[in-house]
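Enquirer: Have a look at this one before I ask anything.
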Amino acid sequence: MENKPNTPVLIFDMDGTLIDSNPAHKQAYTEFLKRHGIELTDADFINYISGRMNPDVIKHFFGADTDTERIQELTKEKETLFQDIYGPQIKAIDGLIPFLNSVREAGFLMVLATSAPMMNVRFVFDHLPIEQFFTTIISEQDVEVGKPDPTVFRRAAERVMAQPADCLVFEDSQAGVQAAHEAGMKVIVLTTTHTADELGAAELAIGDFTQVSVAHLRQIMQQAA
């Protein structure tokens, strides 16, 4: 998809960034793994689940030699459980939709770049009126390796023909922040899942989208130039 040179691009993670879904994911993973005789600790969730793709998570807990068919089967089981838990309570992070409207009016492109499978992206779009804002979507099926590898963000930039210096990432996980920096991009972190200190260096830390404006974005993008 062609993009005008130097058009600013905002790249959004999904879980914990557009929606406060990580408590439901943690509950779903806890129940899912318990079904299979595995106990999930807080450290496990932070180190091996948060911000990462399902195939990587499944291989960590079920073995590196878990085949593709089994991974797909287990992923569907876990994500169905997640949707059952989160569906009745799903909502956007505070201020998200007014913020997306304002940045679209200001001429920013927006891309969704998530480690989640498309079944969860569609689940979110079915519940929240935000699909219209995203020029393109990068999901689990579009990358071979997950965060903290920078591929997901590099692919998002490539999809809209943007340079890393013109991209600003919104993230909530340590793996995501690392991936964005490795991709050569600036980062705004949301403290929905971790504290700002836990997430590491970022251009701005916010609790929700009422705490950021187009003026903040322009200032950060100018620093990136």
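The values are calculated or read from the model by the stated rules, or taken from the named source; none is laboratory data. Small disclaimer: the values here were computed from a predicted structure and weren't measured. Because the Cβ atoms are built from the backbone with ideal geometry, glycine has one as well, and the counts that use them run over all protein chains shown. Areas reflect the complete protein model, heavy atoms only, side chains present, ligands, DNA and RNA absent. Shrake-Rupley method; radii C 1.70, N 1.55, O 1.52, S 1.80 Å.
Enquirer: Considering only residues of the range 22-66 that are crowded, with 20+ Cβ neighbours inside 10 Å and of a type in the set (Ser, Thr, Tyr), which is farthest from Glu140 (Cα to Cα)?
Expert: Residue satisfying both the conditions and the ranking: Tyr29.
Enquirer: For the range 38-79, give me the residue count where each residue is assigned to a helix (DSSP H, G or I) and closer than 24 Å to Ala179 by Cα.
Expert: 19
So that you can scan it fast, the table gives a plain yes or no per residue for (1) over 17 Å from the mean Cα position of the chain (by Cα); (2) under 23 Å from Ala92 (Cβ atoms); (3) basic (Lys, Arg):
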position	(1), (2), (3)
Phe133	no, yes, no
Glu140	no, yes, no
Pro148	no, no, no
Ala156	no, yes, no
Phe170	no, yes, no
Ala180	no, yes, no
Leu190	no, yes, no
Glu203	yes, yes, no
Phe209	no, yes, no
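Enquirer: A further question follows. Could you list, in sequence order, the residues of the range 124-139 that are within 16 Å of Thr80 (Cβ to Cβ) and either among the hydroxyl-bearing types (Ser, Thr, Tyr) or crowded, with 20+ Cβ neighbours inside 10 Å (or both)?
Expert: Start the filter on the range 124-139 by keeping residues that are within 16 Å of Thr80 (Cβ to Cβ), which leaves 124, 126-127.
Result: Val124, single match.
Enquirer: What are the residues in the range 84-117 that are at pLDDT 95 or above, closer than 19 Å to Asn54 by Cα and among the hydrophobic types (A, V, I, L, M, F, W, C), if any?
Expert: Passing the criteria: Ile85, Leu112, Ala113.
Enquirer: Consider the range 86-107. How many of its residues are more than 17 Å from Thr192 (Cβ to Cβ), open to solvent by 10 Å² or more (accessible area, probe 1.4 Å) and either in a helix (DSSP H, G or I) or among the hydrophobic types (A, V, I, L, M, F, W, C) (or both)?
Expert: Matching residues across the range 86-107 total 8.
Enquirer: What number of residues in the range 90-124 are under 11 Å from Leu18 (Cβ atoms) and out of contact with any strand residue (DSSP E or B) (no Cβ under 9 Å at 6 or more places or on another chain)?
Expert: 2
Enquirer: Oh, and also: Hey, any hits in the range 120-134 for a residue that's touching a Lys or Arg at 6+ places or on another chain (Cβ under 7 Å) and among the β-branched types (Val, Ile, Thr)? Steps first, please.
Expert: Quick first cut of the range 120-134, residues touching a Lys or Arg at 6+ places or on another chain (Cβ under 7 Å) only: 133.
Now restrict to residues that are among the β-branched types (Val, Ile, Thr): none.
There is no residue in the range 120-134 that is touching a Lys or Arg at 6+ places or on another chain (Cβ under 7 Å) and among the β-branched types (Val, Ile, Thr).
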